[in-house]
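In what follows, a single structure is set out as structure tokens and then discussed.
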Amino acid sequence: MSWIKAFTAVLMSISCPCFLGDALAAGAKDSPGKEGLANPFFAMDTATKDAKHQSAESQAAMVKELGYAGIGCDIAAMPDMLKAVEGSGLKLFAVYVGVSIDPSKPKYDGRLKDMIKLLKGRNTFVWLFITGGKPSSTDGDPRAVEIVREIADMAAESGLGVALYPHTGFWLERVEDAVRLTKKVNRRNVGVTFNLCHWLKVDSEKNMKPLMKLAMPSLFLVTINGADSGDTRKMGWDRLIQTLDRGDFDIYNFLETLTSLGYSGPIGLQHYGIKGDAHDNLQRSMNAWRNLSAKIAAEDK
């Protein structure tokens, strides 16, 4: 199922009739054009901060200058970032926020409800990471289902989707966990994120295509970066997260496989922990994206 079909399913579950049309219009507006893939390419705010770019305004201006479709950010940065990207004609693609299934801790960030209301009608994804239990343990499923359903219903009232975010070492650690939880939650505005770096840290490269196929029916977002190939589970983040033009992992094959399976949704750039000048790093990754995108699009004709 493509991103468009996934959003069609979302539309059926929410009251905002403009959601699908706006989402598709945003995708068309932000696409790189006939010479590249239609997937909107955005920068996560792990890529946009350095000593020169601390404010949301300066980050948004840099992202726009370099040709990115928008930004994904943490909930703490959301109010300022939303204002900055909209003032720049960009899109806020996703807001990263935590959930805990530990009964002794708050279920989710106290700012979440207000955030969802503020994002109403903007087709931004609520990007959920989930902690509070042993990684990948199904013991936490009942409480996770309860909490995610609560968030999904709030998000639906604002016309938003919820994309589960697998993260190494967290309870929701693997793409398989996100798929399993999505099925149990059974809300049409809840789907999966495929995070390249976190997948490499916990899995084998040979499982890439089967895992993509598993995730595809509910795949809402994808994040990419340059990385090294090999026994990735033993590698540090400095090898698993690089600019898109670096590393020997076959990112072309990753993207080509993804798009051949029907994914046409947003793709975010992960730069967590990469040192140096943010502008230079983003420029390198944008150049690589354009080359990869043009090559894949040309071969698909």
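The values are calculated or read from the model by the stated rules, or taken from the named source; none is laboratory data. Everything numeric in this text was worked out from a predicted model, so none of it was measured. Every residue, glycine among them, receives a Cβ derived from its backbone with ideal geometry; neighbour counts consider all protein chains shown.
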| Regarding residue 257, is this residue at pLDDT 95 or above, β-branched (Val, Ile, Thr) and surrounded by 19 or more Cβ atoms within 10 Å (Cβ to Cβ)? | no
| task | Report yes if residue 254 is on the phi < 0 side of the Ramachandran plot and touching a Ser or Thr at 6+ places or on another chain (Cβ under 8 Å), otherwise no. | result | no
| request: State whether one or more residues within the stretch 286-298 are touching a Lys or Arg at 6+ places or on another chain (Cβ under 9 Å), surrounded by fewer than 17 Cβ atoms within 10 Å (Cβ to Cβ) and modelled with pLDDT of 95 or more. | output: no
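Let's see how each residue does on (1) touching a residue at least 12 places away in the same chain (Cβ under 8 Å); (2) under 26 Å from residue 59 (Cα atoms); (3) surrounded by fewer than 24 Cβ atoms within 10 Å (Cβ to Cβ):
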residue	(1), (2), (3)
214	yes, no, yes
227	yes, yes, no
232	yes, no, yes
248	yes, no, yes
275	no, yes, yes
| remark: Every listed condition ((1) under 17 Å from residue 176 (Cα atoms); (2) aromatic (Phe, Trp, Tyr); (3) surrounded by fewer than 17 Cβ atoms within 10 Å (Cβ to Cβ)) holds for residue 220 save (3)
| Which of the residues that make up the stretch 57-83 are under 19 Å from residue 115 (Cβ atoms) and in contact with a strand residue (DSSP E or B) (Cβ under 8 Å, 6 or more places away or on another chain)? | 59, 60, 70, 71, 72, 73, 74, 75, 78, 81, 82
| Which residues, taken from the stretch 141-163, are of a type outside the set (A, V, I, L, M, F, W, C) and either assigned to a helix (DSSP H, G or I) or under 20 Å from residue 103 (Cβ atoms) (or both)? | 141, 142, 143, 146, 149, 150, 153, 157
| Looking only at the stretch 115-172, and only at residues there that are without any contact (Cβ under 8 Å) to a residue 60 or more places away in the chain and among the aromatic types (Phe, Trp, Tyr), the one that is nearest to residue 95 (Cα to Cα) | 129
| note | Only one of 260, 264, 218, 285 is hydroxyl-bearing (Ser, Thr, Tyr) and within 18 Å of residue 166 (Cβ to Cβ), namely 218
| said: I'd like to check which strands (runs of 3 or more DSSP E) are fully inside the stretch 164-279 and have at least 3 residues that are closer than 27 Å to residue 139 by Cβ and either in contact with a strand residue (DSSP E or B) (Cβ under 7 Å, 6 or more places away or on another chain) or charged (D, E, K, R) (or both). | reply: 190-195, 219-224
| query | Counting only residues that are buried (at least 18 other Cβ atoms within 10 Å of the Cβ) and free of Cβ contacts under 8 Å to residues at least 60 places away in the same chain, which one in the stretch 181-193 is farthest from the chain's Cα centre (by Cα)? | reply | 185
| Among (1) closer than 23 Å to residue 61 by Cα; (2) in contact with a Leu (Cβ under 7 Å, 6 or more places away or on another chain); (3) surrounded by 22 or more Cβ atoms within 10 Å (Cβ to Cβ), the one test that residue 283 misses | (3)
| task | Scan the stretch 206-237 for residues that are more than 20 Å from the chain's Cα centre (by Cα) and within 24 Å of residue 73 (Cα to Cα) and jot them down. | result | 236
